[in-house]
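The structure under discussion appears below in the form of structure tokens.
Derivation of every value follows stated rules applied to the coordinates shown; laboratory data play no part. Remember, predicted model here, so these are calculated numbers, not experimental data. All Cβ positions, glycine included, derive from the backbone under ideal geometry; neighbour counts span all protein chains shown.
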Amino acid sequence: MRRREIIAAAGAGLLAAPAFAGESMRVATGLPDGTRQIARFVTLPDKGRLLRLADRPPNYETPIDVFTDTVTPNDRFFIRYHLAGVPTASDLDGWSLTIGGDAVTRPVRLKMSDLLDLPSNEVLAVCQCAGNRRGFCLPHVSGVQWGDGGMGCALWRGPALRDVLKAAGVKAGAVEVWVNGADKPVMDGTPPFQKSVPMDKALDADTIVAISMNNAPLPLLNGYPARLIIPGWVGTYWMKHLTNIEVSTKPLTNFWMASAYRVPAGMFPVDHPFGTQDTGKTVPITEIVVNSVIADPLEGVQLERSGFNIRGVAWDRGSGVNRVEISLDGGRSWRDALLDRPHGPYAYRRFSLQTGGLRPGTYNLMSRATSQAGEKQVDSLKANPGGYHNNLPRALSLVVT
Ligand SMILES: Nc1nc2c(c(=O)[nH]1)N[C@H]1C(S)=C(S)[C@@H](COP(=O)(O)O)O[C@H]1N2
Ligand SMILES: [Mo]
């Protein structure tokens, strides 16, 4: 079967994943009914079990139980595409990366061997879709109805983007780096998925062209053979199957920059504003907000009155997480969780809490993280039309018997 056919077969339920002992096969209760009805746990080629929300374009989320670990394995890493024309491995044979635009001195075409010749950097960083948890927004907003799993944390390795750009020579006056991938629209009128990054972020030492993910080649659906890594920023800039870079003296004004992925100006904290894309009313969504997720126990389970261990991860835009609190009573009272050592500013930080003995009854479990920068998860949703940056603590109901 070709990959497209496999996705279609998965869609028809022909490749339904087997149930693994101890793993959640539930779709989160807070999601809209329509999403819950069509979402399926499926296994794609080279991937483990993921929750399919859509398959044209492919949108698959990581099951929540995977977030007990700092690193998300490649085969469990979520998949997000905007365009249905996803490249196959053979489409990417002989892959190359062109660098041009009005702000380079000499346009070049680089091969994989050229990237391998450059010094290599690595960063453990969370890739999170700006719309992660959109499905829990009330009132619901349109877009892919992500639950908790539109994110993952991996060890990314490859040359710094600034070293890659050196091959073409960046001229004074460059303001943005425009990036494009190998996936294509399948319908006339759909704009190609092209994004841009401001010069200072593009030249940051931690911004890399990853050719390795968790010490292996990137999985096809996570951007093989090379993708952009923009630590601390939401996934939309992390261009997969990177094929074309334009260094520009002008801001990119296409649909994906000017209309999509924007938030009201001033609504969310940012360290490095994206000035060339700021209209005064709205700004592009950029830096990740502080957030956390409880991966164990799972929503709806029954537990013993002797107590249980609560585990999960917390993360932010790169200041680091320094506190996670847990509530068992839906946010009325909180106690501090134990934090694992940090694995770098852009990575998940694990937390845990042993509840001790509990009376029988229903408990509403929540987690709330605070960052080194002093930001805390919100008490009420910062509503915006895209349903972006939902970091409202989630309440998981469980029963102690
Ligand atoms: N080529 C390409 N790159 C892309 C996208 C895309 O649609 N096409 N989506 C972006 C978005 S919105 C996200 S959240 C991340 C998701 O990365 P993943 O699919 O590896 O999980 O990829 C980004 N890079
Ligand atoms: Mo995204």
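Tabulated data for the structure shown
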{"quantity": "Relative packing of peptides 280-292, 366-378 - highest average C-beta neighbours within 10 Å first", "calculated": "280-292, 366-378"}
{"quantity": "Förster-model FRET efficiency, 30 Å R0, residue 253 and residue 96, C-beta, rounded to 0.05", "calculated": "0.65"}
{"quantity": "Assigned charges on the beta-carbon of Lys, Arg, Asp, Glu; the stretch 210-335 dipole about Cα centre (debye)", "calculated": "120"}
{"quantity": "Ellipsoid equivalent to the stretch 273-377 - semi-axes via the Cα gyration tensor, in Å", "calculated": "32, 15, 11"}
{"quantity": "Dimensionless Rg/Rh of the stretch 221-264 - Kirkwood Rh, Rg from C-alpha atoms", "calculated": "0.99"}
{"quantity": "Overall form of the stretch 281-334 per C-alpha gyration tensor (a/c, 1.5; a/b vs b/c)", "calculated": "prolate"}
{"quantity": "Separation of the residue 338 and residue 397 label points, Cα + 7 Å toward Cβ, nm", "calculated": "3.1"}
{"quantity": "Isotropic mean projected area of the C-alpha convex hull, the stretch 96-165 (nm²)", "calculated": "7.2"}
{"quantity": "Inverse of mean 1/r across different Cα pairs in the stretch 315-401, Kirkwood, Å", "calculated": "14.2"}
{"quantity": "Under 5 Å, built H, 5+ apart or other chain: amide partners of residue 53", "calculated": "59, 60, 61"}
{"quantity": "Relative frequency of Cα-Cα separations exceeding 39 Å in the chain, percent", "calculated": "16"}
{"quantity": "Estimated inter-spin distance, residue 187 and residue 380, nm [label 7 Å along Cα→Cβ]", "calculated": "3.7"}
{"quantity": "Rg [Å, one decimal], Dmax [Å, integer] - the stretch 75-233, C-alpha atoms", "calculated": "16.5, 51"}
{"quantity": "Pair residue 29, residue 373: separation of 7 Å Cα→Cβ label points (nm)", "calculated": "3.4"}
{"quantity": "Residue-count net charge about residue 350 - beta-carbon cut-off 13 Å; Lys, Arg +1, Asp, Glu -1", "calculated": "0"}
{"quantity": "Bins of 5 Å, starting at 0 and running to the largest distance - Cα pair percent for the stretch 24-154", "calculated": "2, 9, 15, 17, 16, 14, 10, 8, 6, 3, 1"}
{"quantity": "Pairs of Lys in the stretch 102-228 closer than 22 Å at Cα, counting only those 8 or more apart or on different chains", "calculated": "8"}
{"quantity": "Environment charge of residue 319, counting only residues whose C-beta is closer than 11 Å and scoring Lys/Arg +1, Asp/Glu -1", "calculated": "-3"}
{"quantity": "Protection-proxy order for peptides 122-130, 141-149, 30-38, each taking the mean of Cβ atoms within 10 Å per residue, highest first", "calculated": "122-130, 141-149, 30-38"}
{"quantity": "Formal net charge of residues neighbouring residue 169 (Cβ-Cβ distance under 14 Å; K, R +1; D, E -1)", "calculated": "+1"}
